[in-house]
1. Which condition number in (1) touching a strand residue (DSSP E or B) at 6+ places or on another chain (Cβ under 6 Å); (2) part of a helix (DSSP H, G or I) is the one that residue A:55 fails?
2. Could you please give the count of residues in the range B:1-37 that are within 26 Å of residue A:13 (Cα to Cα) and within 14 Å of chain A (Cβ to nearest Cβ)?
3. Looking at the range A:237-253, can you tell me whether even one residue there is in contact with a Phe, Trp or Tyr (Cβ under 9 Å, 6 or more places away or on another chain), within 27 Å of residue A:6 (Cβ to Cβ) and either touching a residue at least 24 places away in the same chain (Cβ under 8 Å) or charged (D, E, K, R) (or both)?
4. Among the residues of the range A:258-300, how many are of a type in the set (Val, Ile, Thr), farther than 20 Å from residue A:146 by Cα and in a helix (DSSP H, G or I)?
5. Taking the range B:54-103, which residues are within 15 Å of residue B:16 (Cβ to Cβ), within 14 Å of chain A (Cβ to nearest Cβ) and assigned to a strand (DSSP E or B)?
6. Scanning the range B:11-34 for residues that are modelled with pLDDT under 95 and hydrophobic (A, V, I, L, M, F, W, C), which turns out surrounded by the most Cβ atoms within 10 Å (Cβ to Cβ)?
7. Which residue is surrounded by the fewest Cβ atoms within 10 Å (Cβ to Cβ), if the candidates are limited to the range B:38-51 and must be at the interface with another protein chain (Cβ under 10 Å from one of its Cβ atoms) and not β-branched (Val, Ile, Thr)?
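The values are calculated or read from the model by the stated rules, or taken from the named source; none is laboratory data. Quantities reported herein were computed from a predicted structural model and do not represent experimental measurements. Ideal geometry is used to build each Cβ from the backbone, glycine not excepted, and the neighbour counts take in all protein chains shown.
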Amino acid sequence: MRGLAQSYREALARLRVQALLDPDSFSEWVDPAQRVTSPHLAALEAPVSFDDGVIVGQGLLYAHPVILIAQEGQFNGGAVGEVHGAKIRGALLRAVRDKPSAVLLCIDSGGVRLHEANAGLIAISEIMRALFAVQEAGIPVIALIGGTCGAFGGMGIVARLCDVIIISEEGRIGLSGPEVIETVKGVEEFDSRDRALVWRITGGKIRRTLGEATLLVDDDIAAFSAAAGEEVGARPRFFKKRRLTPAISLQTLQAAQQQLSARAELDAEIRDGQVLWSRMGLGDQVSLMSPEQFNRRLEALES
Amino acid sequence: METLHLDLPAIQDASLNPRAALYGVVSSGNLEVLVERGHDATRCVFEVQTAAHGFVEVWKAVLTDFAARHPVGGLSFAIHDAGATPAVVSLRLDQAFQSLRGA
């Protein structure tokens, strides 16, 4: 499984699951043969999927037991409906009971499934609460983001609650997606068809620069797997350990608030990753840097 | 949504050991295929749910062709379709069968 480079972005969720974990180690819960599909989509006469667009189960990552959750971005944009959300929540709560080395959360989602409205919104809040329970139990939640849908809407928030975010340059994190912003605020505000601009604002490199992702990796399933392996202590660490969420306390919340306030006061000219990078002395080389060079440069600047 | 049930005669390849497995994905112009063990070794069963109405005859032609080309006796195929073309349907079914053979 861990041989030739295989694009994480291009792969379907089932292939990602197989290639991320040790060969034949994955066992799925609520598998497709059980046909737990969306009642909301069926009521709307919309096509359903046997797994409702998410795969959950347990397996081994470099011989370490993990619980894995993988969204299928190609089914309704990886959007979270009632069944989809319940499967994620159930897998997270199972982690509290079974105490795996980590939970791997492969996010590939535009957020709530609009067909399911309130049920989808409630599902997102249930996922958040379950995620906190996992962290409270001392189990790290590792987000992997590198699919075509990125992590937007409710799943963008969920991503930022994780302990670690491993992201590819192609991966994206945000709240409202570019097309939503353009629709609401106009093309002058955000041209969603300007791909380079979209990635300089939501893409993996800018998210890592802003400290909103912990590590940049190649668009290669093996690279994601190796990075997650470092997080569970199965492989020697290549870069300094980083955590997105320190233990929640009044102090850490205040510090985070201060950081956000400082960011809001950043020079208004910084509306684009390029400006930030040139101010940091990275000039226009950023787009040419490999993930390894990029992580090294940032690590040097941050120390 | 239109549904179609088709039960066709087919020869069996006894060396196949099908575990329930899912191939493909439900997205525009695409479909997913869930392969499971059927009840009768001399028959192949198809259950199709499709978003495209009015194509029952085309489905029958594509599935009959597939069942004639491969030893699929004793298997059952459940399909969720989001408007895939006949060529894509054929391709996905072939892929599902090949993976079954490889596994």
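1. (2)
2. Residues of the range B:1-37 within 26 Å of residue A:13 (Cα to Cα): B:1, B:16-37.
Still in the list and also within 14 Å of chain A (Cβ to nearest Cβ): B:1, B:18-37.
Number satisfying all stated conditions: 21.
3. Start the filter on the range A:237-253 by keeping residues that are in contact with a Phe, Trp or Tyr (Cβ under 9 Å, 6 or more places away or on another chain), which leaves A:248.
Keeping just the survivors that are within 27 Å of residue A:6 (Cβ to Cβ) gives none.
Within the range A:237-253, none of the residues are in contact with a Phe, Trp or Tyr (Cβ under 9 Å, 6 or more places away or on another chain), within 27 Å of residue A:6 (Cβ to Cβ) and either touching a residue at least 24 places away in the same chain (Cβ under 8 Å) or charged (D, E, K, R) (or both).
4. Taking the range A:258-300 and keeping what is of a type in the set (Val, Ile, Thr), we get A:270, A:275, A:286.
Checking the rest, the ones that are also farther than 20 Å from residue A:146 by Cα come to A:270, A:275.
If we keep only those that are in a helix (DSSP H, G or I) as well, we get A:275.
Of the residues in that region, 1 qualify.
5. Residues satisfying the conditions are B:75, B:76, B:77.
6. B:22
7. Of the residues in the range B:38-51, the ones at the interface with another protein chain (Cβ under 10 Å from one of its Cβ atoms) are B:49-51.
Within this subset, residues satisfying the condition of being not β-branched (Val, Ile, Thr) are B:49, B:51.
Details: B:49: 19, B:51: 17.
Selected residue: B:51.
Per-residue answers, yes or no, for (1) away from chain B (no Cβ under 14 Å); (2) crowded, with 18+ Cβ neighbours inside 10 Å; (3) in contact with a strand residue (DSSP E or B) (Cβ under 9 Å, 6 or more places away or on another chain):
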{"residue": "A:28", "(1), (2), (3)": "no, yes, yes"}
{"residue": "A:48", "(1), (2), (3)": "no, yes, yes"}
{"residue": "A:65", "(1), (2), (3)": "yes, no, yes"}
{"residue": "A:80", "(1), (2), (3)": "yes, yes, yes"}
{"residue": "A:107", "(1), (2), (3)": "yes, yes, yes"}
